[in-house]
Amino acid sequence: MINMAEKNETVNINVLIAERLYPLKVTQSDEEKVRSAVKLVNEKIKEYQALYDGKDKQDYMAMCLLNFAVEQENLQKELQQNDRLMEEKIIELEEVLSGASK
């Protein structure tokens with residue numbers, strides 16, 4: 001069994017992004033997430049390579065970065081909208097409960 005202290009220890013890993021090796025230090029608890037993210041980035045780069053033949057690696061990396069930034073923005077807006085809806089529902093429930101207690 002791995003305890004929490006071991007999960008927070010850093011490990012050295014090497015990841016390959018766009019055919020370039022990057023040495024990283026990550027916590028053990030993040031290693032799997034980092035490797036999954038690297039796989040996702042490489043898949044997105046391959047998609048862009050298929051769509052836009054003849055660009056260099058930096059162009060594909062920039063396209064990939066922009067894509068992920070837009071996805072992040074969309075998720076952030078969706079989260080804010082969900083928070084507002086949740087707050088509205090809580091207010092509605094409080095009103096119903098306060099009316100029922102009278």
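The values are calculated or read from the model by the stated rules, or taken from the named source; none is laboratory data. A quick note: this is a predicted structure, and the numbers were derived from the prediction, not measured. Note that each Cβ is placed from the backbone with ideal geometry, even for glycine, and that neighbours are counted across all protein chains shown.
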(message) Of the conditions (1) at pLDDT below 95; (2) surrounded by 13 or more Cβ atoms within 10 Å (Cβ to Cβ), Asp53 satisfies every one except a single condition; which number is it?
(response) (2)
(request) Any chance you could count how many residues in region 45-102 are charged (D, E, K, R), farther than 21 Å from Arg20 by Cβ and more than 16 Å from the chain's Cα centre (by Cα)? (result) 9
(message) So, in region 27-75, how many residues would count as being among the polar types (S, T, N, Q), assigned to a helix (DSSP H, G or I) and within 30 Å of Glu9 (Cβ to Cβ)?
(response) 5
(message) Cβ-Cβ distance below 6 Å, separation of 6 or more or different chains: which pairs start in region 25-43 with a residue that is polar (S, T, N, Q) and end on one that is surrounded by fewer than 16 Cβ atoms within 10 Å (Cβ to Cβ) and not in a helix (DSSP H, G or I)?
(response) Thr27/Asn8; Thr27/Thr10; Gln28/Glu9; Gln28/Val11
(message) List the residue pairs whose Cβ atoms are under 7 Å apart, where the first residue sits in region 65-82 and is within 22 Å of Val38 (Cβ to Cβ), the second is at pLDDT 95 or above, and the two are 6 or more positions apart or on different chains.
(response) Asn67/Lys44
